[in-house]
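Working notes, structure below.
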Amino acid sequence: MTSALDSVIDQVDNNNLNLVRFLFCDTANIIRGKTSSAKTLRNRLQTGIGLVKGSVAVNLIDEPQSDTGYGATGEVRLVPDLKTFHILPYAPASGMLICDMVELNKEPWALCPRTILKRMIARCLEAGVKVKAAFEPEFLLGKVDVDQFVPIDRSNCFSTEGMNRAANFINEFVTALSSQGLTIEQYYPELGHGQHELSIRHAYALDAADNHIIYRETLRGVATRMGLVASLAPKPSPEWPGNGCHLHLSLWDANSNTNLMASEDGLSQMGRYFVAGLLKHLPAVVAVTCASTNSYKRLLPKSWSSAYTCWGYENREAAVRVPSLYWGHEAESTNVEVKCVDSSSNPYLALTAVIAAGMDGIAEKLEPPEPVSSDPSQLSDEESARKGVRRLPRNLSEALEALEGDSVIREALGEEYVKVYLAVKKSEWQRFGKLHAEEEARIHFLRY
Ligand code: GLU
Ligand code: MG
């Protein structure tokens, strides 16, 4: 039988690849990597590639936060997960692998985001639960003309005019995602000019996060090849609608493989506990799921992005939405959607924080307040209090404060990692928190 390692080598040889990228997603949610030549790949697959530990403490403009204790000294190995090998449809003769960071003594590194999610998944398994998830990204597509971004369309939401304008790109994008094993669910032009949404099928949590990395890489890679620019930044311009990356989750019985969130009357008791946990911890969770200063330009009332801690059935202003079910597939399709998530968040950390919050609700048997069936910004103070509706943090600084005060989310991420995370994110707040909105948006536009 061919081993997983031999199978990667065979694919590299048979397709005449020259280079294979060893990728990781860092604290600032920049996807980075080092590249092995095809010639030395067999060795590299076994020994990994060295990476300075200080890379964990770098912010989104590459400023190291060395006072965390992570600077120029110390190394981990980038060790690839062989299942994640793909041939890149957007770069010549190249492949990629997603890596874990491993200590030199071969122990998993506690500051590796992918390892942090794996630990959370293992805890859920101990409780008999497997989590399925899907990220649902929105993005902006256009051209840059003399430093000015020009959207690919100026069409209406869901319009066929928007579909036609973006058709060549979307076709290439779908082909490229499919060639890497991702299943496309739906596509449509979104509200903003040049804004589009293409969603992919749910998967077990680790695969869902890996898929989101592949998605982002492919989106920007295909756009670059076609002379276009794509941005997943939460608020690419103060005047335009924001790009969400809603996160759908469901909980499955690890033995019987049934959906534990499903019930005849909407959401099971376990689903309700999960929602209650989410709502309780949401102010701290958004420090991770809405991870940039730019995120909070999106999280505004009346923009369908959610701005309050509340839940509701089919309520697109609620932070936690229970979507309608697929006819004939009611049980399988029962899930909750977290709207206060965007693509400036590291998907491994975002999933960890969301799952930790929900699982705490299950452990503590928390009951959610009444669901909200209207716009939460219009509720009276008395109603808001009764339904537990609170404004989400208004900026990254407030969110980081909530994270510092939430021992459940801190513990899930690991205290040592949280120390680094806070330092990196506080440095971004210092840098961009008070910048002019246009300038702040421009910096994020280019990076996500
Ligand atoms: N663009 C909105 C957001 O920022 C979401 C619109 C929708 O419901 O799809 O989350
Ligand atoms: Mg949308």
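Contour minus end-to-end for ASN255 and GLU439, with contour as 0.36 nm per residue of separation and end-to-end as the Cα-Cα distance? The partial results should precede the final answer.
Working: separation 184, 0.36 × 184 = 66.24 nm, distance 5.12 nm.
That works out to 61.1 nm of additional length.
For GLU239 and ALA385, what is the calculated FRET efficiency with R₀ set at 41 Å and r taken between the beta-carbons, to the nearest 0.05?
0.75
By count of other Cβ within 10 Å, fewest leading, how are SER407, SER343 ordered?
SER407, SER343
Using only helices, what value at 222 nm comes out for the chain when you add -39,500 (n - 2.57) per DSSP H run of length 4 or more and divide by the total residues, to the nearest 500 deg cm²/dmol?
It comes out at -12000 deg cm²/dmol, rounded to the nearest 500.
Which length gain, in nm to one decimal place, applies between ALA331 and ALA167 when the Cα-Cα distance is subtracted from 0.36 nm times their residue separation?
Details: separation 164, 0.36 × 164 = 59.04 nm, distance 3.43 nm.
Taking 0.36 nm per residue and subtracting the Cα distance, the gain is 55.6 nm.
Give the whole-number value, in cubic angstrom per residue, of the convex hull volume spanned by the C-alpha atoms of the range 136-294.
That works out to 147 Å³ per residue.
Using alpha-carbon positions, what is the distance between the centroids of the range 267-327 and the range 111-158, in Å?
Distance between centres, Cα-based: 15 Å.
Can you list the equivalent-ellipsoid semi-axes of the range 322-393, largest first and in whole Å, using the square root of 5 times each Cα gyration tensor eigenvalue?
23, 19, 15
With unit charges on the beta carbon (Lys/Arg positive, Asp/Glu negative), name the residue among VAL146, PRO393, GLY312 whose Cα is farthest towards the positive pole of the charge dipole of the chain.
VAL146
Could you give me the ³J(HN,Hα) list for the range 107-115, computed from phi with Karplus coefficients 6.51, -1.76, 1.60 and θ = phi - 60°, whole Hz, x at Gly and Pro?
For the range 107-115, the Karplus-derived couplings read 7, x, 7, 5, 9, 8, x, 5, 5 Hz, x marking Gly and Pro.
With point charges of +1 on the Cβ of Lys and Arg and -1 on the Cβ of Asp and Glu, referenced to the Cα centre of the chain, which listed residue (ALA437, SER179, TYR90) lies farthest in the positive direction of the dipole?
The one lying farthest along the dipole's positive direction is TYR90.
For the range 394-410, in order, what is each residue's ³J(HN,Hα) by Karplus, 6.51 cos²θ - 1.76 cosθ + 1.60 with θ = phi - 60°, in whole Hz (x at glycine and Pro)?
Listing the rounded values in order: 8, 7, 4, 4, 4, 5, 5, 4, 5, 4, 4, x, 10, 5, 5, 6, 4 Hz.
How do THR2, THR334, THR175 rank when sorted from fewest to most other Cβ atoms within 10 Å of their own Cβ?
Ordered from fewest to most neighbouring Cβ atoms within 10 Å, THR2, THR334, THR175 come out as THR2, THR175, THR334.
Explain nothing, just the number: relative contact order of the chain, from Cα pairs under 8 Å at least 6 residues apart, as a whole percent.
After rounding, I find 16 percent.
Between ASN395 and GLN378, what is the label-point separation in nm under the 7 Å Cα-to-beta-carbon projection?
The two pseudo-label positions are separated by 3.0 nm.
Please order GLU161, GLU172, GLU126 by the number of other Cβ within 10 Å, starting at the fewest.
GLU126, GLU161, GLU172
Can you pull the percent of Cα pairs in the chain with separation above 41 Å?
Summing the P(r) of the chain above 41 Å gives 13 percent of all pairs.
For the range 4-108, take N as its residue count and report Rg(C-alpha) divided by 2.2 N^0.38 Å. Could the numbers behind the result be given before it?
Details: Rg = 14.5 Å, N = 105, 2.2 N^0.38 = 12.9 Å.
In units of the globular-protein estimate, the range 4-108 measures up at 1.13.
How high is the FRET efficiency between GLU367 and ARG42 when r is their beta carbon distance and R₀ equals 56 Å, given to the nearest 0.05?
Efficiency, rounded to the nearest 0.05: 0.50.
How many angstrom lie between the C-alpha centres of the range 172-246 and the range 56-106?
Distance between centres, Cα-based: 22 Å.
Which one, VAL275, VAL102, HIS246, is farthest towards the positive end of the dipole of the chain when Lys and Arg carry +1 and Asp and Glu -1 on their Cβ?
About the Cα centre, the residue reaching furthest to the positive side is VAL102.
Once you compute Rg and the Kirkwood Rh from C-alpha atoms, what is the Rg to Rh ratio for the range 209-290?
Rg/Rh for the range 209-290 comes to 1.11.
What percent does the relative contact order of the range 4-108 come to when contacts are Cα pairs within less than 8 Å and at least six residues apart?
The normalised contact order for the range 4-108 reaches 28 percent.
Each reported figure results from applying straightforward, stated rules to the coordinates on display, with no laboratory input. This one's a predicted model, so the numbers in the text were calculated from it and none came from an experiment. Please note: Cβ atoms are built from the backbone with ideal geometry, for glycine as well, and neighbour counts cover all protein chains shown.
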